[in-house]
1. Looking for whichever is touching a residue at least 40 places away in the same chain (Cβ under 8 Å) and away from the ligand (no atom under 15 Å from the Cβ) here; the options are Ser163, Ser241. Which one fits?
2. Specify the residue that is farthest from Val232 (Cα to Cα); the eligible residues are those in segment 135-160 that are assigned to a loop (DSSP other than H, G, I, E, B) and within 15 Å of the ligand (Cβ to nearest atom).
3. State whether one or more residues within segment 178-194 are among the hydroxyl-bearing types (Ser, Thr, Tyr) and closer than 24 Å to Arg117 by Cα.
4. Could you list, in sequence order, all residues of segment 159-190 that are over 29 Å from Leu128 (Cα atoms), in contact with a helix residue (DSSP H, G or I) (Cβ under 9 Å, 6 or more places away or on another chain) and of a type in the set (Ser, Thr, Tyr)?
5. Among the residues of segment 72-91, is any under 17 Å from Ser241 (Cα atoms) and within 13 Å of the ligand (Cβ to nearest atom)?
6. Quick check on segment 200-211: of everything there that is out of contact with any Ser or Thr (no Cβ under 9 Å at 6 or more places or on another chain) and either modelled with pLDDT under 95 or of a type outside the set (Lys, Arg) (or both), which residue is nearest to the ligand (Cβ to nearest atom)?
7. Within segment 221-250, track down each residue that is among the hydroxyl-bearing types (Ser, Thr, Tyr) and surrounded by fewer than 21 Cβ atoms within 10 Å (Cβ to Cβ).
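The values are calculated or read from the model by the stated rules, or taken from the named source; none is laboratory data. Predicted, not measured: the structure shown is a model, and the values here were computed from it. Every residue, glycine among them, receives a Cβ derived from its backbone with ideal geometry; neighbour counts consider all protein chains shown.
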Amino acid sequence: MATQKSTPKIKALVAGNWKMNGTGKQLAELRKLMTAVGRRKPKADIMICPPATLLSRMAALKPKGVALGGQDCHANIAGAHTGDISAEMLKDAGARAVIVGHSERRADHDESDKAVRAKVEAAHRAGLTAIMCVGESLKQRKAGETLKIVQAQLRGSLPIDCSAKNTVIAYEPVWAIGSGLTPTVAQVEEVHNALRKALLRRFGDEGAKMRILYGGSVKPTNADELMAVPNVNGALVGGASLTAKDLYGILKAYC
Ligand code: PEP
């Protein structure tokens, strides 16, 4: 059994980001996950963020013990924004949360901290929890700029009225996403401690309770070690969240 050493007051969250993967066939993985969780419930909240096309189909399965989330939202409630989805629409489809500011969105869609902040505000307006991502590139890490970068992203992307209930932070080093590479435990601890201090400075008591997830090549084989780092309050998982076997393998860090 794994020892979970992170702050005991904060219940961990393990959220799966399916990205642009999954058609109806993939619903079988949610069913398998529900079965595994039903047999042995981890001491962590569990969430799947499927593509928007699967959200209401997943919600229709009434996934006991597994919450649902969106992967992005528009800042506005409604309007002429072809292809976009509002936070209210995600909520209506069954989401409880939405990922915002993922590095793939920041890179592929040129999303600035200001744009991400508007999305966090939209999530809060709709009653969703915003899972707001920060993370440095390899070039920035090599230049010794990691803490400066993630602290600036945190400052620029969060409005002042965030609470532990409506906001989750995900630290995702860009170079670790989908690469199989992970920072060392000491590097993860350094960044999570700096983020915790920044949250405390900005949000006081709420900042002490906010979850800070680690994301970037989390797998069943490294979850125990990463989830035991102080101030790591769960994981945001990409590739390994696509099968119930791997995602439950990660959740075992909380069994
Ligand atoms: C992600 O993109 O949020 C992520 C963590 O991906 P992966 O787990 O595949 O590195």
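1. Working: Ser241 fails: away from the ligand (no atom under 15 Å from the Cβ).
None of the other options fit; the residue is Ser163.
2. Quick first cut of segment 135-160, residues assigned to a loop (DSSP other than H, G, I, E, B) only: 135-137, 143-145, 158-160.
Now drop any that are not within 15 Å of the ligand (Cβ to nearest atom), which leaves 135-137.
Details: Gly135: 15, Glu136: 17, Ser137: 20 Å.
Going through the qualifying residues, I end up with Ser137.
3. Within segment 178-194 (the criterion being among the hydroxyl-bearing types (Ser, Thr, Tyr) and closer than 24 Å to Arg117 by Cα), the answer is no, since none of the residues qualifies.
4. Thr182
5. Scanning segment 72-91 turns up no residue that is under 17 Å from Ser241 (Cα atoms) and within 13 Å of the ligand (Cβ to nearest atom).
6. This residue is Gly207.
7. At the first step, the residues of segment 221-250 found to be among the hydroxyl-bearing types (Ser, Thr, Tyr) are 221, 241, 243, 248.
Hits for segment 221-250 are Thr221, Thr243.
Matching residues to (1) modelled with pLDDT under 95; (2) over 18 Å from the mean Cα position of the chain (by Cα); (3) in a loop (DSSP other than H, G, I, E, B):
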{"position": "Lys9", "(1), (2), (3)": "yes, yes, yes"}
{"position": "Ala15", "(1), (2), (3)": "no, no, no"}
{"position": "Lys19", "(1), (2), (3)": "no, no, yes"}
{"position": "Ala28", "(1), (2), (3)": "no, yes, no"}
{"position": "Thr35", "(1), (2), (3)": "no, yes, no"}
{"position": "Ala59", "(1), (2), (3)": "no, yes, no"}
{"position": "Leu68", "(1), (2), (3)": "no, no, no"}
{"position": "Asp72", "(1), (2), (3)": "no, no, yes"}
{"position": "Gly79", "(1), (2), (3)": "no, yes, yes"}
